[in-house]
Every structure is written in structure tokens, then in C-alpha cells.
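Below: one structure, written as C-alpha cells.
The values are calculated or read from the model by the stated rules, or taken from the named source; none is laboratory data. What you see is a predicted model; the values in this text were computed from it and never measured. Note that we place each Cβ from the backbone using ideal geometry, even for glycine, and neighbour counts take in every protein chain shown. Note: areas computed on protein heavy atoms with side chains; ligands, DNA, RNA excluded. Shrake-Rupley method; radii C 1.70, N 1.55, O 1.52, S 1.80 Å.
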Amino acid sequence: MIPTCSLFHKTEFCAEPNLPDRIKPEIINFVRSSKMQNIQPMHHLVSWLLSRRIYIQVVLFAMGQIYQSQGLVVLPENVTVPAVFMFGDSIVDTGNNNHLKTVVRSNFPPYGRDFMGGRATGRFSDGKIPADLLVEEFGIKEVLPAFLDPSLTPEELPTGVNFASSGAGFDPLTSKLFSVISMSEQLRLFSEYKGQLKNLVGVTRADEIVANSMYLVASGSNDLAELYFHTPLQIPKYDIHSYTDLLITSASAFFQGLYKLGARRIAALGLEPLGCLPSQRTLSGGPNRVCVEHFNDAAKMFNSKLLSTMQVLRTTLPQVRFAYADGYGALMDIIRAPHEYGFDIVDRGCCGTGLVEVAFMCNRWIPGTCSNVSRYLFWDSYHPTERAYRIIFQKLIGKLVQDMFQQ
């Protein structure tokens, strides 16, 4: 393979292994100024970069800035997505748990060190998470705010908010165990939101927003990885087949509850390969910390039942559109061939030792947190990095949009 710098061997930046910080602001300002002038920055990008004699790494960064600023999703004609609403757990929670008395929080460093301004906002990652990437991709706004954030302004309401709560699950006992917002309570908060929206924009416009918006549900991993496999609360009463049935019954009721509140475009994110999460390797993967296959099998069983349930509901609920995102396959592709995606380390997180650190255990005082997060698939022992989320998201978004809007 030809080294990247050989393509632009005269550039002053070839000696530097990483994108120089001094050029980033220039690129960002270039993209922003182009947008303000209502011109397509890509049209002028090549000549501008060539005049700077900058090599391909910077080109890729610049393209990323343009895609972030404009969105990549191409919707069918006459289809609009006015808002996005998020429900579930820490994969999509953008800060609701900051306002709860729970240990499942991440509103402190080093969380958020690569977020806008390096702020810890309650997102379980170093930067943005899927909730933010979805609104960014649709060109709606830059991030999706938490509904419980006291700084939330009325202007944010018509374009969507987030009701997810880290630690939540489809099993009510899971949310109770972690003292977080249950899935049923998330539905109640959405109903409360609808009342606020109607007061703000009127009944007719509010109903239009609710009916045409996109709803993403990401839940179930805490039920299996935490409650079922690591506590004695449910295993004595259920084998894995009956427990996943219980979870799917709850998931189906949640989808129907969303539908009754007006949702018509509902997407669900399948569970990731739970047995390959760094924390699960540490706790149950033996001395070599291998992937725990029966955890992965449980995730696949849940996903299969979830997909089947969504297919049934699609036929029984008028005008509803369901889409399923294969989070398991997308993450497993990276775990099996990490170097193809630019990762070196997939069996531990960046924070601390990366073996067990998550939530309060991943803090500013813990030693060993990595300096180069781009090498890592996982930020802590449970959650991917922003870079990983972006790769996973791009693997999923095309089919998600196709299934949602081209049925």
C-alpha cells in the first residue's frame, strides 16, 4: 500500500503523523463561510487545498466537515423529517441522567473531552453519540438536547429532543435497579412534551411534527448484560428464551405506546455483540478475556425476536413505518477486522485500564487514560468512541432510511 504522504510528497505536513491542529480551524472556517454564502464548499475545496499544498489526510478531514455541516441523507421526493426523538439507554442518552440521583452518569471528565468545547455533557463517549449523529445527518441541528436539561429552550422543541436514560431497559426492574427513567416514564415525558409543543406551535403544526418525525429506540443491552447475566434477580425465574420473550413483549408495548401518541416512523437499534464489550470480556471472558459467546447468542436471539415483532406490528398498525438497524453486525464487522477501519485496540476502552471503567469509575483521577483515542474502538469499557459511532452509523443509515421511507 502506498503511504499517504507519497501522494503529496512536497507538503510540509508529511512529516507529521496526525492532522496538524493549526490547519483545522482554517478548514472549519472555510466550510462555514462557504455555507453562509450559499455556495457548495466542495466545488471550491480542491483548488483551495491544492493552493495550500496539503495532503490527503487534510482532504478527508475537510470532507468530514462538509458532510457534518450539510448532512448526507437523501430523502425521497416530498419526504421531510422535521424532528428526531430518542428513547432508550446510554447508547443514545445525551444528558437526561445528569438530573437524576443515580450512579449511571457521565457529566464529568474525561467524558466529553472531544465534544464541542471539550465539555462533559452526560454523553457516554469522548464526543458525539448516535442521537447527535442522526440529527446531524438529517441536517436538522448539530446535537439532540436532553429533554430534562434545564437550559432547553422552546426553540429546540419543534426539531426534537431526547428522552433516553442511561441504564434503562425494557425490563422495568432494570431501570429500577439503576434509579433511572424507565421506558414507560420516557413515554410519559414524550406525552408531556407534546403538550408543550402544542402550546408553542399550535395543535395542527404539532400533530404534523409528531406524525412526520423519526423515532429511534435503543434499549435492551442493560437488561441482558447487567440485570440478567450479572445479578440473581431474574435468572432463577427465566431461562434466556423466556427472558428475551419478556423483553420483546415490553418492547412491543412500548412501540404501540409510541404509536398511540402519534408516532408513525419508528426505528429500533438492535443489540450490539454484548459478549465482546470490554467489560463483559473482563467479567466473564476468562483469563484471556475472549468474547463471551453465550452473551452474543442472547443478543442475537433478542434481535431476531425484535425484528419479527416489528414485522408483525407493521401489518397491524395502520400507516406505521418500522425500520431495524443491525447494530450487532455493524460493530462485529469492526471487531473482526479492526485494522480495515483504522483501529488497533478493540478489547479494552481508552479510559483508565479500559477493562471495567465506566460511569463513575471512568473519572479524571483514574490513571492510564489513552492520549490517542483514534486507535480505540471503545471509549470506556462499554461504549464506543465518537469515531467508532460515526463508522457504525454510516454502515447503518442508508438501509435505515431506505426501510423507513421507501416501503
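Which of the residues that make up segment 84-100 are under 17 Å from Phe378 (Cβ atoms), β-branched (Val, Ile, Thr) and either part of a helix (DSSP H, G or I) or in contact with a Ser or Thr (Cβ under 7 Å, 6 or more places away or on another chain) (or both)?
none
Taking segment 353-378 as the region of interest, how many residues are within 22 Å of Ala225 (Cβ to Cβ) and in contact with a helix residue (DSSP H, G or I) (Cβ under 7 Å, 6 or more places away or on another chain)?
Qualifying residue count, segment 353-378: 6.
Filter segment 71-100 down to the residues that are crowded, with 24+ Cβ neighbours inside 10 Å, touching a helix residue (DSSP H, G or I) at 6+ places or on another chain (Cβ under 6 Å) and more than 21 Å from Gly127 (Cβ to Cβ) and list them by number.
Phe87
Do you know which of the residues in segment 366-400 that are open to solvent by less than 70 Å² (accessible area, probe 1.4 Å) and hydroxyl-bearing (Ser, Thr, Tyr) is nearest to Ser166 (Cα to Cα)?
Among those that are open to solvent by less than 70 Å² (accessible area, probe 1.4 Å) and hydroxyl-bearing (Ser, Thr, Tyr), it is Tyr382.
Considering only residues that are small (Gly, Ala, Ser) and either within 14 Å of the chain's Cα centre (by Cα) or within 17 Å of Gly354 (Cα to Cα) (or both), which ones fall in segment 106-128? Give the derivation first.
The first filter runs over segment 106-128 and keeps only residues small (Gly, Ala, Ser), leaving 106, 112, 117-118, 120, 122, 125, 127.
Listed by number, the residues that qualify are Ser106, Gly112, Gly122, Ser125, Gly127.
Go through segment 102-121 and give me each residue that's within 20 Å of Pro172 (Cβ to Cβ) and either in contact with a Ser or Thr (Cβ under 6 Å, 6 or more places away or on another chain) or free of Cβ contacts under 8 Å to residues at least 24 places away in the same chain (or both).
Thr102, Val104
Could you tell me which numbered condition Asp403 fails, if it satisfies all but one of (1) closer than 23 Å to Glu137 by Cβ; (2) acidic (Asp, Glu); (3) open to solvent by 60 Å² or more (accessible area, probe 1.4 Å)?
(3)
Which pairs turn up if I take residues in segment 202-231 that are closer than 22 Å to Leu261 by Cα and look for partners that are open to solvent by 10 Å² or more (accessible area, probe 1.4 Å) and β-branched (Val, Ile, Thr) with beta carbon separation below 7 Å, at least 6 apart in sequence or on another chain?
Taking only residues 6 or more apart or on different chains, the pairs are Asn212/Thr80; Asn212/Val81; Ser213/Val81; Met214/Val81; Ala218/Ile91.
Any chance you could count how many residues in segment 138-157 are surrounded by 23 or more Cβ atoms within 10 Å (Cβ to Cβ) and in a helix (DSSP H, G or I)?
Summing the residues that are surrounded by 23 or more Cβ atoms within 10 Å (Cβ to Cβ) and in a helix (DSSP H, G or I) in segment 138-157 gives 0.
Taking only segment 188-215 into account, find how many residues are in contact with a Phe, Trp or Tyr (Cβ under 7 Å, 6 or more places away or on another chain) and closer than 24 Å to Leu177 by Cα.
To start, the set of residues in segment 188-215 that are in contact with a Phe, Trp or Tyr (Cβ under 7 Å, 6 or more places away or on another chain) comprises 189-190, 193, 213, 215.
Adding the requirement that they be closer than 24 Å to Leu177 by Cα leaves 189-190.
Residues that pass the stated criteria total 2.
Being within 21 Å of Ser182 (Cβ to Cβ), open to solvent by less than 20 Å² (accessible area, probe 1.4 Å) and more than 20 Å from the chain's Cα centre (by Cα) narrows it down to one of Ala251, Ala268, Ala263, so name that one. If you could, list the steps in order and put the result at the bottom.
Working: Ala251 fails: more than 20 Å from the chain's Cα centre (by Cα); Ala268 fails: more than 20 Å from the chain's Cα centre (by Cα).
Result: Ala263 is the single residue among Ala251, Ala268, Ala263 that is within 21 Å of Ser182 (Cβ to Cβ), open to solvent by less than 20 Å² (accessible area, probe 1.4 Å) and more than 20 Å from the chain's Cα centre (by Cα).
Being of a type in the set (Asp, Glu), modelled with pLDDT of 95 or more, under 22 Å from Glu272 (Cα atoms) and part of a helix (DSSP H, G or I) is true for just one of Asp132, Asp126. Which residue is that? Even if it seems obvious, please write down each step before you answer.
Working: Asp126 fails: part of a helix (DSSP H, G or I).
The match here is Asp132.
Scan (1) more than 18 Å from Asp89 (Cβ to Cβ); (2) in contact with a helix residue (DSSP H, G or I) (Cβ under 9 Å, 6 or more places away or on another chain); (3) open to solvent by less than 50 Å² (accessible area, probe 1.4 Å) for the single condition Gln280 breaks and write down its number.
Every listed condition holds for Gln280 apart from (1).
Among the residues of segment 277-315 satisfying the criterion of being among the basic types (Lys, Arg) and part of a helix (DSSP H, G or I), which is farthest from Ala330 (Cα to Cα)? Before you say what the answer is, go through the steps one by one.
Initially, segment 277-315 is screened for residues among the basic types (Lys, Arg), giving 281, 289, 300, 305, 314.
Subsequent filtering for residues that are part of a helix (DSSP H, G or I) retains 281, 300, 305, 314.
Numbers: Arg281: 19, Lys300: 13, Lys305: 18, Arg314: 24 Å.
Taking the candidates together, the pick is Arg314.
Return only the number of the condition from (1) touching a Gly at 6+ places or on another chain (Cβ under 6 Å); (2) open to solvent by less than 40 Å² (accessible area, probe 1.4 Å) that Asp326 does not satisfy.
With respect to (1) touching a Gly at 6+ places or on another chain (Cβ under 6 Å); (2) open to solvent by less than 40 Å² (accessible area, probe 1.4 Å), Asp326 is out only on (2).
Can you confirm whether segment 355-365 contains a residue that is open to solvent by less than 40 Å² (accessible area, probe 1.4 Å), assigned to a loop (DSSP other than H, G, I, E, B), in contact with a strand residue (DSSP E or B) (Cβ under 7 Å, 6 or more places away or on another chain) and modelled with pLDDT of 95 or more? Break it down stepwise before answering.
First pass over segment 355-365, keeping only residues open to solvent by less than 40 Å² (accessible area, probe 1.4 Å): 357-359, 362-363.
Subset that is assigned to a loop (DSSP other than H, G, I, E, B): 357-358, 362-363.
When the remaining residues are screened for being in contact with a strand residue (DSSP E or B) (Cβ under 7 Å, 6 or more places away or on another chain), the result is 357.
Right, trim to modelled with pLDDT of 95 or more and you get 357.
Yes, some residue in segment 355-365 is open to solvent by less than 40 Å² (accessible area, probe 1.4 Å), assigned to a loop (DSSP other than H, G, I, E, B), in contact with a strand residue (DSSP E or B) (Cβ under 7 Å, 6 or more places away or on another chain) and modelled with pLDDT of 95 or more.
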